[in-house]
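First the structure, in the form of structure tokens, and then the observations on it.
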Amino acid sequence: MTIEILQTHKLLESCEVALAERFTVHKLHEAADKAALIAQLAPRLRAIAGGAVNADLIAQLPALEIIANFGVGYDSIDTAAARAANVRVTNTPNVLNDAVAELTIGLMIALARRIPQADQFVRQGKWPNGNMGLFSELTGKTVGILGLGRIGKEIAARAQAMKMRVVYYGRKRQESEPHVFYDNLVDMARDSDWLVVIAPGGKGTERIVSREVLEALGPQGNIVNVARGTLIDEAAMLELLQTGDLGGAALDVFENEPAMPEAFFALDNVVLSPHQGSATTQTRNAMGALVVANLDAHFAGEPLISAVV
Ligand code: 8YV
């Protein structure tokens, strides 16, 4: 008898194929009546593949042993409820570090040099009538990294390759890191030209980038968010971008994505991206393989590869 698992959202094709080879997969996101599906399968569901798992769902699944999240960030999973119910949780760290770091630098250059606008300028035939003007460059600037974790370190390395000075803010100083550490985010923002947000979402980091932090970054400062929309006071950011009290923003994530205030669309000093930090074929395949490998390890009674609970 094959093991029955619940899939909570659409996954990459290669991942879905691998899951179907091993398990009987029930797709919650395709069910017309989700509550009925859960009620019917509850006694048999031993694993969940995917995120968006709250305490309520965990409580309804007495046979649940493991939740294998597709993503390094697991803020959509109630890990406290999982721990209390003796349910393991895994994520997909490391395999996406390079992809996210690449997008970060790409967004920074896109914002600094107004690449989206430049493309439009040429396409709309405006070039023969004049130039766009002059922009700023990353070279010689200071980038403050909020969250010098695995991805943050890859961003730092690439920022250094862009001849930027790297400083960071986090819960604690990392003795092995050569960069200047700040224990105060406002101070770091004041001293930085760029603020890159790459800390975990969830409780503890909500709106850590407050209006005060954004004001400290200032009219010449730019913010980049490749983490979670919840880390920034989005309403304050929008207002400061509109008034010019914040220089610019390159955003891959939003508080209520895929929805966002339409006022962003009218701004010339923002670059918008649809949460695609890890969205390359090689990285998404590796993330899917890690989801499957964690489930394989669990059901083989072996140590999990990347457990967070
Ligand atoms: C998403 C991410 O998980 O890894 C993360 O934390 O934010 C992304 O990689 C991915 O978009 C899957 O939905």
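The values are calculated or read from the model by the stated rules, or taken from the named source; none is laboratory data. Given the structure is predicted, the values throughout are model-derived calculations rather than measurements. Positions of Cβ are generated from backbone atoms using ideal geometry, with glycine treated the same way; all protein chains shown enter the neighbour counts.
Here are the numbers for the structure shown:
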quantity: Region 185-200: number of residues that are surrounded by fewer than 18 Cβ atoms within 10 Å (Cβ to Cβ) and under 18 Å from Gly149 (Cβ atoms); calculated: 1
quantity: For Leu12: the one exception among (1) at pLDDT 95 or above; (2) surrounded by 14 or more Cβ atoms within 10 Å (Cβ to Cβ); calculated: (1)
quantity: Test result for Glu13, free of Cβ contacts under 8 Å to residues at least 24 places away in the same chain, within 16 Å of the ligand (Cβ to nearest atom) and among the acidic types (Asp, Glu); calculated: yes
quantity: Region 17-43: number of residues that are crowded, with 17+ Cβ neighbours inside 10 Å and without any contact (Cβ under 8 Å) to a residue 12 or more places away in the chain; calculated: 1
quantity: Meets criteria (surrounded by fewer than 23 Cβ atoms within 10 Å (Cβ to Cβ), under 24 Å from Phe121 (Cα atoms) and away from the ligand (no atom under 13 Å from the Cβ)) for Ala266; calculated: yes
quantity: Sole exception among (1) more than 20 Å from Ala293 (Cβ to Cβ); (2) part of a helix (DSSP H, G or I); (3) without any contact (Cβ under 8 Å) to a residue 40 or more places away in the chain for Arg83, by number; calculated: (3)
quantity: Residue list for region 218-258, restricted to those being within 16 Å of the ligand (Cβ to nearest atom) and farther than 26 Å from Tyr168 by Cβ; calculated: Asn256, Pro258
quantity: Tabulated pairs, region 268-294, first on the phi < 0 side of the Ramachandran plot, second surrounded by 19 or more Cβ atoms within 10 Å (Cβ to Cβ) and of a type in the set (D, E, K, R), C-beta under 7 angstrom, 6+ apart or interchain; calculated: Ser273/Asp252; Gln276/Asp252; Gly277/Asp252; Ser278/Arg284
quantity: For Arg46: the one exception among (1) outside any loop (DSSP other than H, G, I, E, B); (2) within 16 Å of the ligand (Cβ to nearest atom); (3) closer than 24 Å to Val308 by Cα; calculated: (2)
